[in-house]
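**Student:** My structure is below; once you've seen it, I'll send some questions.
Readers should treat all values here as calculations from the given coordinates under stated rules, not as data from a laboratory. Being a predicted model, the structure only gives us computed values, none of them experimental. Neighbour counts run over all protein chains shown; Cβ positions are idealised from the backbone, glycine included.
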Amino acid sequence: MTARIIDGRIIAADIRKEVARDVAALKAKGIMPGLAAVVVGDDPASQTYVANKERACREVGIYTEIHRIDSSVSQDGLLDLIESLNRANRVHGILVQLPLPPHIEEHAIIECVRPDKDADGFHPLNIGHLAIGDSQFVPATPFGVMEMLRREGVHLGGKHAVIVGRSNIVGKPIATAWMQGDPQFFPRVTVCHRTDPNLAEVTKQADILVVAVGIPEVITAEMVKPGAVVIDVGINHIEDKSLKRGYKIVGDVDFDAVSEVASAITPVPGGVGPMTVAMLLRNTVSAAKAQIEQA
Ligand code: GUN
């Protein structure tokens, strides 16, 4: 079997067009949706992700401001910045790019973001809403994965989804969201740690396999059930001196080998990554609409 490739760039482009229409409608009412992004330190991957988010915002007409902060910033300094963004009327959505330097407590920063401006959906209040089936903001990557499957017509009801990776920003929220839904439309969920001693045994049972562990090509063809739908969330930079930039980007799945087994698969790059950005835009516009209704 050669898997159908689920093209995140095409699906994300459709979503960005829809968001652009929403933004135009808000602007016609005199409202300019705005996103503030905070990135601390000079990690090249974080800088690239934030630059991509900024470009995408500009393209759909969302006002953006990027706060590039030196890694020596104190926790209080960062909290002060977030407090000021919480108060700023021009800013409807706030995202703090993770990871943060080790001297800063990630929890304290995430909890400081005003929940109704939490475009990333990482605040415990928003995670709580998600967990009781009353979501306000779904974190952008899980939202992107679910939207991608929906738009591709992948039926989840009665299926078994296995999620490898238990992170707060991908694995846990996808599992949480799927556990809330009507079982007619949502899958049974198993969540594994990447070091699970029986990992292959479990992944082989997956009709839908979602992998988010950050280990290059750790999922091999032998670990995948024939006909499975495979969603690769990993973005790993691997040294490759034959390329001008000196590295290539690969996912957590051995794409070529798994493509021979799966029925559908997302590529890296060009799969989940563009969806994350598109769903951040969607969350920002939702935040703007909700704040206007409250005002
Ligand atoms: N780091 C990796 N993924 C994400 C994301 O979706 N949002 C933020 N803020 N940081 C990240």
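Okay, residues lined up against (1) in contact with an Asp or Glu (Cβ under 8 Å, 6 or more places away or on another chain); (2) of a type outside the set (S, T, Y); (3) surrounded by 14 or more Cβ atoms within 10 Å (Cβ to Cβ):
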{"residue": "P197", "(1), (2), (3)": "no, yes, no"}
{"residue": "V211", "(1), (2), (3)": "yes, yes, yes"}
{"residue": "V229", "(1), (2), (3)": "yes, yes, yes"}
{"residue": "I235", "(1), (2), (3)": "no, yes, yes"}
{"residue": "F255", "(1), (2), (3)": "yes, yes, yes"}
{"residue": "V272", "(1), (2), (3)": "yes, yes, yes"}
{"residue": "A287", "(1), (2), (3)": "yes, yes, yes"}
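**Student:** Next question, about the same structure. Can you name the number of the only condition in (1) more than 16 Å from the ligand (Cβ to nearest atom); (2) aliphatic (A, V, I, L, M); (3) farther than 21 Å from T276 by Cβ; (4) surrounded by 14 or more Cβ atoms within 10 Å (Cβ to Cβ) that I132 fails?
**Tutor:** Failing condition for I132: (4).
**Student:** Taking the residues in region 173-199 that are part of a helix (DSSP H, G or I) and free of Cβ contacts under 8 Å to residues at least 40 places away in the same chain as candidates, determine which candidate is farthest from the chain's Cα centre (by Cα).
**Tutor:** The qualifying residue farthest from the chain's Cα centre (by Cα) is L199.
**Student:** Taking A221 and the conditions (1) on the phi > 0 side of the Ramachandran plot; (2) out of contact with any strand residue (DSSP E or B) (no Cβ under 8 Å at 6 or more places or on another chain), which numbered condition does it fall short on, given that it satisfies the others?
**Tutor:** (1)
**Student:** Sticking with this structure for a sec: Considering only region 136-157, how many residues are assigned to a loop (DSSP other than H, G, I, E, B) and either within 28 Å of V40 (Cα to Cα) or within 14 Å of the ligand (Cβ to nearest atom) (or both)?
**Tutor:** Residues meeting the conditions: 4.
**Student:** Something else: Going residue by residue through region 202-210, is there one that turns out to be within 16 Å of the ligand (Cβ to nearest atom), in contact (Cβ under 8 Å) with a residue 12 or more places away in the chain and either in contact with a Gly (Cβ under 7 Å, 6 or more places away or on another chain) or not in a strand (DSSP E or B) (or both)?
**Tutor:** Within region 202-210 (the criterion being within 16 Å of the ligand (Cβ to nearest atom), in contact (Cβ under 8 Å) with a residue 12 or more places away in the chain and either in contact with a Gly (Cβ under 7 Å, 6 or more places away or on another chain) or not in a strand (DSSP E or B) (or both)), the answer is no, since none of the residues qualifies.
**Student:** If you scan region 263-294, which residues turn out to be over 19 Å from T48 (Cα atoms), assigned to a helix (DSSP H, G or I) and small (G, A, S)?
**Tutor:** Selection gives S286, A287, A288, A290.
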